1. Extension gain Y133-S197, at 0.36 nm per residue separation less the Cα-Cα distance, in nm?
2. Hey, any idea what % of the chain's accessible area is carbon plus sulfur with a 1.4 Å probe?
3. Given a 1.4 Å probe, how much area per residue of the stretch 244-286 is accessible, in Å²?
4. Cα gyration tensor of the stretch 198-330, axes a ≥ b ≥ c as square roots of the eigenvalues: rounded (a/c below 1.5), prolate (a/b > b/c) or oblate?
5. Just by accessible area at a 1.4 angstrom probe, what is the order of D330, D234 from largest to smallest?
6. Would you rank S289, S197 by solvent-accessible area, highest first, keeping every protein chain in place and using a 1.4 Å probe?
7. Heavy-atom accessible area of V190 with all protein chains present, probe 1.4 Å, nearest 10 Å²?
8. Computed from the coordinates I sent, mean projected area of the Cα convex hull in nm² equals one of (1) 21.6; (2) 19.0; (3) 17.9. Tell me the label.
Amino acid sequence: MNEKIKSACAAVRPADKEIITKAKERQAQLAKPPGSLGLLEDISVRVAGMTGKIHNKADKCRIVVLCADNGVCDEGVSCTPQSVTLSQTINLTRGLTGASSLAKHFGDEVMVVDVGVMTDFNCPAVINRKIAYGTKNLYLEPAMTREQAEQAVCVGLEMAEKCAEDGVEAIGVGEMGIGNTTTSSAILSVFTGEPASVTAGKGGGLLENAYQHKLEVIDGAIAKHKPDPNDPIDVLAKVGGLDIAAMAGVFLGAAAHRIPVVIDGFISVVAALTAARLCPNVKDYLIASHASFEPGYQLAIKELGLEAPLLMKMRLGEGSGCPIMFRVMDAAYAIMNEMATFEEASINDSYLDEIRIGDNFTVKR
């Protein structure tokens, strides 16, 4: 494995259990029935374990969007023209797409990176890290070389490092690449052993005959190339995409820098799963956002042991769920940082002792 990737994996430490315990103790001291704020409490505690701090902020949030074309589009697996990858890569920088308009509205930053758009273009706002002009058609040959897959992961590591240098407090991971529900489903099938009929949906809206061919393409590519499920780089190279590889690098790099990192939808969760297969400790730094409408999403999020708190029937991608989740995280932090304790609120909380004992809550008085 590439030395940069090895180094990043070695840098990822498990969540800080001591801080998690202290964060739980503070939640138990706040003037409310135990657990009454549900996932807001859980998020604040989990993030404390990520950052090593009980009190956190979401003042500077950034969505990193990795853009690349996929050669498998030659098989007709997408109803969207491949030219849309280029158009939306540029529009992302202008606040004109779903994800970037949300980010602009909320004051979040968007970092757009070209790792494999099939056309040369001039847009200074897009970071050019092009590795290839799209991947190969994975139905006929491996999507890319192992070296290209590692290069793409390293691009993601670079972007995460830049976020850390810039003081970003939460990273969201998005993508732009027509055809990438096919590559995501293929990766998920390899990691879980499930057929394409379980991992793949109709994407942007395929007709039934095209959908059936999509399933044939995924299952056929896996049977032909035999990617090793125990070697994530091999999986990326044979049936993945440059965008997904780079996204996995962002997830890995964020974890290495102890920055909370938000999963968007289906492609994003598969990239997160890939990063977790590279380094299991990455799981401790992942925050799910919305439950994607794509059928493979639930399988992937279950593999990560996470739960998506936002049920919004979204399936756009781009990182569109991240700005919404940043607001939820901010709300979780507000509770931890600003809510009064029983003592500060002059409330005798002894009436909750029986509940705490029953729920195994412990409170430091």
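The values are calculated or read from the model by the stated rules, or taken from the named source; none is laboratory data. All of these numbers come straight from a predicted model, not from anything done at the bench. Virtual Cβ from ideal backbone geometry, glycine too; neighbours counted across all protein chains shown. Ligands, DNA and RNA are stripped out before the accessible areas are found, and what is left, the full protein with its side chains, is counted by its heavy atoms. Shrake-Rupley method; radii C 1.70, N 1.55, O 1.52, S 1.80 Å.
1. Numbers: separation 64, 0.36 × 64 = 23.04 nm, distance 2.93 nm.
Between Y133 and S197, full extension yields an extra 20.1 nm.
2. 51
3. Working: 640 Å² over 43 residues.
That works out to 15 Å² per residue.
4. Oblate shape, in that a/c is at least 1.5 and b/c is the bigger or equal ratio.
5. Values: D330 70, D234 25 Å².
Output order, biggest surface exposure first: D330, D234.
6. On the way: S289 0, S197 75 Å².
Of S289, S197, the descending order of accessible area is S197, S289.
7. Using a 1.4 Å probe on the heavy atoms, I get roughly 20 Å².
8. Here the calculated entry is (3).
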